[in-house]
Each structure stands twice: as C-alpha cells, then as structure tokens.
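Read the structure below first, then the notes.
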Amino acid sequence: MLILDRNSKTPLYLQIYEQIREKIISGKLHALSRLPSIRQQSDTLGVSINTVTLAYQQLCSEGYITSKNRSGFYAEKIDDQLLNLRSRTGKQSPALETKKDAQEPHCKYDFSYGNLSPQDFPLSIWRKLSNQLLTSSNLDHICSYPDRRGEAGLRKAIMQYLHDSRGVFCEPEQIVICPGTQIALNLVCQLLKQEHSCIAMEDPGYDGARVVFHNNGLEIIPIGLEKDGLRLRDLEGCKAKLVYTTPSHQFPTGKIMPIKKRIRLLEWAFKNNAMIIEDDYDSELKYSGKPIPSIQHIDAKGHVVYLGTFSKSLSPALRMSYMVMPKTHIKKYQETFERYNTPVPWLDQKLMQNFITKGYWDRHLRRIRNANKKRHDVLIQAINETMGEKVAVHGINAGLHILLEFKAPGSEMEMIKKAMNHGVRVYPVSEFWMRSEKYKNNMVLLGFSRMDENEIAEGIKTLDQAWFKN
C-alpha cells in the first residue's frame, strides 16, 4: 500500500511515482504485475484522477511501467545488470538518490524558480487532444521524418500568435522549432560565429546562455545594467557586434526595457551592422500595464534573431521553444543546417499545434497569468507587511520570481543558511554575475510559481523570523 504525506512539500503525484518506482526497483512489485487502475488508485488514496495520471505517465515515460490497451498498467522488468552498471559508473540508482535527498535539511517552504505547479498544467485538455491525435488519420506521419524546421502547421500557429501578442512580423519559413532556448542559442552561435568572435550580454544575466556562448568559443563581454535595462553606452563602447538581451523581463533583475531604449538598441545594430539576439522569455507573464512590443517588431532591416519558449507558461518538461530568423539569414540557415532533423518529436509538435489552433492556448495563458498574478500579489503584500523597510523588492509585476535585497548586515550565503535553518529555501543571485566585484552580495532570488498562496504567505513570515527576529 502507498502512504502519502499530505503535509510534505513533495507533490502527491511525485510521492506516488517515487513509491511505485521503488517497489519495482526493489522487486517488491514483480515484473508484469498489474497496477491498480487510475480510478482505483485515486479512490484508494483519496486523491484526484489527475494526480494519479501524472504519476503513471511519468513512470511510463521512464520505462518502469507500461500501458496495455484496454488492459491496464503493468510493471516492467528492470535489468539488474543495468542497475549495477549505473552504480559502478558512479550514477546513483533512483532509490539511493531518494535516500540522499531525505538526508538534506527539510524545507517546508521552497521558493524555487523555473518549475511550475502541476495543478496549473492543462492535463485533461492535453489528454483529450492526445487521444484525438492518436486516433486520427494524421497518425500516419508518426512513422515519417518531420519537417526539418518543425511542423508547418505549428510554425504557422506560432507565427499568428507572435503577431497578435508580441507584434512579431514573420513568415512560417522564418520559424524554427527547437527543444529549448539553449539549443536555439547553440544554433544561432553556429550560424553567426564565423562573422562574430565575441558577444555582449547583460551582467548579471542568464547563466544558461553564458555557458552556450562559452562552449562555442565566443569571447563574452559583460555589459552592465541601469534602471531600464542594458547600459547602451557600455555596449556602444565595446568591440562586440553581437548582443544577447532579455528586454521584456531581464533575467534575473526583472528590469523591463522601454520602447525608446529598444529603438536606440536597434539603431546601434543598424549603424554597426550588428545583430541582436532577443530572448523574449516571460513576455506572456506581465501583471500590470500593456506589454511593450518586441524589438523584432520594429526591426525593418533583419538585425534581430527572436527567441521564445513554452517553458515558463506551459511546461519546462515539454522542451519546446522556437526562434524567428531574420529573412536576411534564412538562406544561410538552410545551407548550414540543411541535413539537421528537428529533435522535437512530431507528436508533441502536433499536440502543441492543436492546443494553439483550437483556442486552448489563449485560455490557458489567461488562466496561468491570473494564477501567477495572485501568487505574485500575495508575495509582495506579505513582504511589505512583515519586512517593510528592512528589504527592497526588485522585478515586480512580471515573470515568476523577484529579487529580495536585504538592507540589514549579512551576506547572501548567510541569509540563505539562516533561511534553511528555519525550513525555507531561497536561492543565490551571485551565480548570474560575471563580474562578481560589481555585486553587493546582498540579494536572494524568490520564485513563486510552484507554491500556493498560503505557503507563500507563511514562508515569508518564517523568513522574517529567520532574518530579523533572532
């Protein structure tokens, strides 16, 4: 029997997944044993059908169980030699990993950034669309190589969405479907590094982009920030003619680049025959005011490569992003990557296409925006009411995180350790800086996308106790 801890920070679906996985690995659940149906498991454990479905889907995707049509779910045989090999090569088995995790300090409140709440994923709609697709005539395509740049129908749907929401002007031929922003950046680097030996990027900035640039052999030139984003006078004074920027919600500070500065940045590109990589992540999640059109929207000469992702608004596990190449570079892209097949599965692409074209995407965005706005507002209110003038909040009214600057004496790591000792996990900002001497070492990052409103409020009260009441 499975035992669920409803007071645990670990989601219920993950508890179900981990316990079934452990039973299979340990041999307590023999190969070919039939699992209770989703409905039976739901009734037994007193949880929703969606919760059990998420757990079973994860077990299926990792190969621990298999689903047989009209028969149910069955445990798979796990190769003992494979498990032993994983152990000998230093890769811990899932059972050992779970044990190790249990030894870490318990954190009742985890202000993690990046992961989304399973309750926010449109599981019933995704399942319905998946079932429709798997019984349609389109299924013939599952045995063929997909379009190299991504399914034409999905690229057309993204084109329409970007035009309506971000003012992006493009044709489907300019869009490339990628398995994540880092892969898109890697393609851009390979395409442009013959012309560019260095790249400018925001400091602090997205460390995931920085490692891609480094691995492609580009010299990285850090450019400081001011209250409205990238400091253009520093950019204009450096040798780089390629720049990476996150203007809609700068990571990690949350600064938003106004339209006047976007125009000035584009003018710099025109004047210097330079290229801008515009990472427009988090642009869907703005909680006040009207979104500012993308830089690509005002680019009439083909100096902007536009990047977008579904990771922050739908699921990071989906591994689906997209980039819009300027028309000036389409031919070169085709010549460089003409033999590259898209690594994004056809089935996922068609599901996403139908999700958009049938109107579910727009509805989901409204729902997810409202849900995260409530979390955001509770977070800001709780900080103001409990900590007041002892802290300053940066990056509000957009995205899935804030930066909290503390005015009392104490370093970043000291505050993180104090929080951990009180069962609260917050995250460092120092890792996003290239020039560590520029960082005052007095901030932490708080995400809120995976917590409910009560947890957020209680977590902030506990933080206040940890930092200021001892």
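Could you tell me whether Val378 is buried (at least 16 other Cβ atoms within 10 Å of the Cβ), touching a strand residue (DSSP E or B) at 6+ places or on another chain (Cβ under 8 Å) and in contact (Cβ under 8 Å) with a residue 12 or more places away in the chain? Answer is no for this residue. Looking only at residues of segment 252-274 that are open to solvent by less than 10 Å² (accessible area, probe 1.4 Å) and hydrophobic (A, V, I, L, M, F, W, C), we find that the one that is modelled with the lowest pLDDT is Met257. Any residue at all in segment 122-140 that's in a helix (DSSP H, G or I), modelled with pLDDT under 95, touching an Asp or Glu at 6+ places or on another chain (Cβ under 9 Å) and surrounded by 14 or more Cβ atoms within 10 Å (Cβ to Cβ)? Checked against the condition, which is being in a helix (DSSP H, G or I), modelled with pLDDT under 95, touching an Asp or Glu at 6+ places or on another chain (Cβ under 9 Å) and surrounded by 14 or more Cβ atoms within 10 Å (Cβ to Cβ), segment 122-140 yields no hits at all.
Would you confirm whether any residue within segment 327-336 is touching a residue at least 24 places away in the same chain (Cβ under 8 Å), at positive phi and over 20 Å from the mean Cα position of the chain (by Cα)?
Within segment 327-336 (the criterion being touching a residue at least 24 places away in the same chain (Cβ under 8 Å), at positive phi and over 20 Å from the mean Cα position of the chain (by Cα)), the answer is no, since none of the residues qualifies.
Within segment 2-19, the set of residues being touching a residue at least 60 places away in the same chain (Cβ under 8 Å) and within 17 Å of Gln57 (Cβ to Cβ) comprises Pro11, Tyr13, Glu18. The numbered conditions (1) surrounded by 21 or more Cβ atoms within 10 Å (Cβ to Cβ); (2) under 23 Å from the mean Cα position of the chain (by Cα); (3) of a type outside the set (Ser, Thr, Tyr) are all true for Pro428 except (1).
So Gly167 ticks every box in (1) closer than 22 Å to Ala269 by Cα; (2) buried (at least 18 other Cβ atoms within 10 Å of the Cβ); (3) among the small types (Gly, Ala, Ser) but one. Which box is left unticked? So the condition that Gly167 fails would be (2). For segment 11-57, the set of residues classified as assigned to a helix (DSSP H, G or I), polar (S, T, N, Q) and either within 18 Å of Lys77 (Cβ to Cβ) or open to solvent by 40 Å² or more (accessible area, probe 1.4 Å) (or both) consists of Gln19, Ser26, Gln40, Thr44, Asn50, Gln57, listed by residue number.
Against the test of being of a type in the set (S, T, N, Q) and touching a Leu at 6+ places or on another chain (Cβ under 9 Å), the options Ser144, Ser136, Ser130 yield a single qualifying residue, Ser130.
Test Gln349 against the stated conditions and say whether it is at pLDDT 90 or above, open to solvent by less than 30 Å² (accessible area, probe 1.4 Å), in a helix (DSSP H, G or I) and not basic (Lys, Arg). Yes, satisfied.
The residues of segment 314-330 that are crowded, with 22+ Cβ neighbours inside 10 Å and part of a loop (DSSP other than H, G, I, E, B), listed by number, are Leu314, Met320, Met325. Scan segment 185-209 residue by residue and report those that are out of contact with any Gly (no Cβ under 9 Å at 6 or more places or on another chain), surrounded by 21 or more Cβ atoms within 10 Å (Cβ to Cβ) and part of a helix (DSSP H, G or I). Those that are out of contact with any Gly (no Cβ under 9 Å at 6 or more places or on another chain), surrounded by 21 or more Cβ atoms within 10 Å (Cβ to Cβ) and part of a helix (DSSP H, G or I): Val188, Ala209.
Here are some residues: Val391, Val344. Which one is touching a residue at least 12 places away in the same chain (Cβ under 8 Å), crowded, with 20+ Cβ neighbours inside 10 Å and under 30 Å from Arg148 (Cβ atoms)?
The unique qualifying residue is Val344.
Looking only at segment 293-313, count how many residues are of a type in the set (Val, Ile, Thr) and open to solvent by 20 Å² or more (accessible area, probe 1.4 Å).
As a first pass, look at segment 293-313 and keep what is of a type in the set (Val, Ile, Thr): 295, 298, 304-305, 309.
Okay, now just the ones that are also open to solvent by 20 Å² or more (accessible area, probe 1.4 Å), so 298.
Qualifying residue count, segment 293-313: 1.
Determine whether Asn84 is at pLDDT below 80, within 26 Å of Glu455 (Cβ to Cβ) and either open to solvent by 60 Å² or more (accessible area, probe 1.4 Å) or assigned to a strand (DSSP E or B) (or both). Taking the combined requirement at face value, the residue does not satisfy it.
Look at segment 299-324: where a residue is under 24 Å from Gln190 (Cβ atoms) and without any contact (Cβ under 8 Å) to a residue 40 or more places away in the chain and a partner is among the basic types (Lys, Arg) and surrounded by fewer than 24 Cβ atoms within 10 Å (Cβ to Cβ), sitting 6+ places away or on another chain with Cβ atoms under 8 Å, you get Gly302/Lys327. Per the conditions (1) out of contact with any Phe, Trp or Tyr (no Cβ under 8 Å at 6 or more places or on another chain); (2) within 18 Å of Tyr113 (Cα to Cα), the sole criterion not satisfied by Tyr306 is (2).
Identify, by number, the condition in (1) touching a Pro at 6+ places or on another chain (Cβ under 6 Å); (2) part of a helix (DSSP H, G or I); (3) of a type in the set (Val, Ile, Thr) that Val344 doesn't meet. With respect to (1) touching a Pro at 6+ places or on another chain (Cβ under 6 Å); (2) part of a helix (DSSP H, G or I); (3) of a type in the set (Val, Ile, Thr), Val344 is out only on (2). Looking at segment 163-184 only, could you name the residues that are assigned to a loop (DSSP other than H, G, I, E, B), more than 14 Å from Thr309 (Cα to Cα) and not hydrophobic (A, V, I, L, M, F, W, C)? Gly167, Glu171, listed by residue number.
The values are calculated or read from the model by the stated rules, or taken from the named source; none is laboratory data. None of these values were measured; they are calculated from a predicted model. Neighbour counts are summed over all protein chains in view; Cβ atoms, including those assigned to glycine, are modelled from backbone coordinates with ideal geometry. Accessible surface areas use protein heavy atoms only, side chains included; no ligands, DNA or RNA. Shrake-Rupley method; radii C 1.70, N 1.55, O 1.52, S 1.80 Å.
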